[in-house]
Each structure stands twice: as C-alpha cells, then as structure tokens.
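Trainee: My questions all concern the structure below.
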C-alpha cells in the first residue's frame, strides 16, 4: 500500500459524508515477487467518482472477477460491514461476496490513483486456488442470480461466466511468466 492510501481513502468518506458510501477503493498495480510491475491492475477505471452499488456489482459480474479490490485495498464503513454479517466461504470469494452484500445497500467511491500493489507468486493463496477460481466465481454469479437477478441481468451473468473461466487461465499464465 502506498503511504497516502489510507489518508486518501478516508478523505473519500469525509468529502462525501452526505452520500451513501460503504466502500472506498483505488487503482492497483500487479507486481512480481521482486516488486517489478507486471501489469496495471484490472478493475475500475475513469475519474475519481461515486459509483452506484448496483453498477459496481454488475461491472464485477460482467468482468468475471473482483474489479473492486482485494481486502487490503478497500476501506469499509464499519456500520456497513457489521450490517452485512460475517464473511462467507469458499476461499476465493469471501471478500467479493462481502463487497456485494455491502453494495446491495451502499455505493462505492473510486479513487483514480494507483495507491496499492498486488504481489503475485506461485506460492500465494491466489495461485494455490487458481484452478478453482473460475468455478468459484461462477458459483457466486449463480448465487447472485438466484438472490436478485435484476441487479445483474441475464446477459451480464452469461458474459461473466465465460470471462471468469478465461480470467482464471490468464491469471495462471501471468503468474508462471512473472515468477520465471
């Protein structure tokens, strides 16, 4: 995390006190085990802004991956987190499931600055579950469609299923290449 990350995330909440913000997140870059930038992070793009919770959920579902951020890159309003209940399994999707629970009632503030880095390596938890990541995200899509298909939409769900499997394979390839 960059030295100003928390300060800028807190400012995202304080500047928009009257808004319905539950999560503040930022851009990230992906680095290898040596700290070398492998690629810019996948995720939200554009200017710093408030994004409706339902739009953020649809964007993530359609992308087939968590475009919001890993747990260490988000700042969550405490009352929103408590109101959403506990984190749930399986191992790859508990964070995104929590983001979705919060975003069903709250909005997201996105900071258009790279304030965090995500390190990939063959020994990471993400790599150890990489073969099942696509299937776990597809299960999450199916669960969300059963809960409230109006937030996501049938076409977004179908596109997300395809992209989730492709992203899982791409993640394994990038990890192998960057670890060499």
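The values are calculated or read from the model by the stated rules, or taken from the named source; none is laboratory data. Model, not experiment: these values are computed from the prediction. Every residue, glycine among them, receives a Cβ derived from its backbone with ideal geometry; neighbour counts consider all protein chains shown.
Trainee: Is at least one residue of region 162-179 under 22 Å from residue 29 (Cα atoms), outside any helix (DSSP H, G or I) and at pLDDT 85 or above?
Mentor: No; the residues of region 162-179 include none that is under 22 Å from residue 29 (Cα atoms), outside any helix (DSSP H, G or I) and at pLDDT 85 or above.
Trainee: What number of residues within region 34-65 are in a loop (DSSP other than H, G, I, E, B), surrounded by fewer than 19 Cβ atoms within 10 Å (Cβ to Cβ), touching a strand residue (DSSP E or B) at 6+ places or on another chain (Cβ under 7 Å) and touching a residue at least 60 places away in the same chain (Cβ under 8 Å)?
Mentor: Residues that pass the stated criteria total 3.
Trainee: Here's something else I'd like to know. Please enumerate the residues belonging to region 81-96 that are touching a residue at least 40 places away in the same chain (Cβ under 8 Å) and surrounded by 19 or more Cβ atoms within 10 Å (Cβ to Cβ).
Mentor: 92, 93, 96
Trainee: Is there a residue in region 126-140 that is at pLDDT 90 or above and surrounded by fewer than 16 Cβ atoms within 10 Å (Cβ to Cβ)?
Mentor: Checked region 126-140: at least one residue is at pLDDT 90 or above and surrounded by fewer than 16 Cβ atoms within 10 Å (Cβ to Cβ).
Trainee: If a residue must be in a loop (DSSP other than H, G, I, E, B) and touching a strand residue (DSSP E or B) at 6+ places or on another chain (Cβ under 7 Å), how many such residues does region 1-32 contain?
Mentor: 7
Trainee: OK, next. Could you tell me whether any residue of region 39-51 is under 14 Å from the mean Cα position of the chain (by Cα) and over 27 Å from residue 120 (Cα atoms)?
Mentor: Yes, region 39-51 contains at least one residue that is under 14 Å from the mean Cα position of the chain (by Cα) and over 27 Å from residue 120 (Cα atoms).
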